[in-house]
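One structure below.
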Amino acid sequence: MRQRVGEYLPKFSEKDRELMRNKIDFIGLNHYTTRIIGNRPNPQPQEIHFYQVEQIERSEKWSSGEAIGE
C-alpha cells in the first residue's frame, strides 16, 4: 500500500498504533447517493486521489443511461 500511495499514507508511531489497536468507539454512516463501483485495473498516472489509489471507477448511471436510484 505504501508503494502505491506514497506520502499520502500517514505514518504512525508505535504509541499511536497501540492507542488505535482494537478501538472502535463510534461508527457513523450517512447515505446521500448511490454509485456502482468497479475495478479499474490500469488507472492513468495522474494526480493521486481516492479513486486512483483504490483503483476503482464509479458510475452514477446504469448502462442504459438511466440515473441509479431514479
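The values are calculated or read from the model by the stated rules, or taken from the named source; none is laboratory data. For clarity, every value in this text was computed on a predicted model and none was experimentally measured. Cβ coordinates were reconstructed from backbone atoms using ideal geometry, including for glycine residues, and neighbour counts include every protein chain displayed.
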### Task
Scan region 3-57 for residues that are exposed (fewer than 11 other Cβ atoms within 10 Å of the Cβ), at pLDDT below 75 and charged (D, E, K, R) and jot them down.
E47
### Message
Anything in region 24-36 that is more than 30 Å from I68 (Cα to Cα) and within 21 Å of the chain's Cα centre (by Cα)? List them, or say none.
### Response
I24
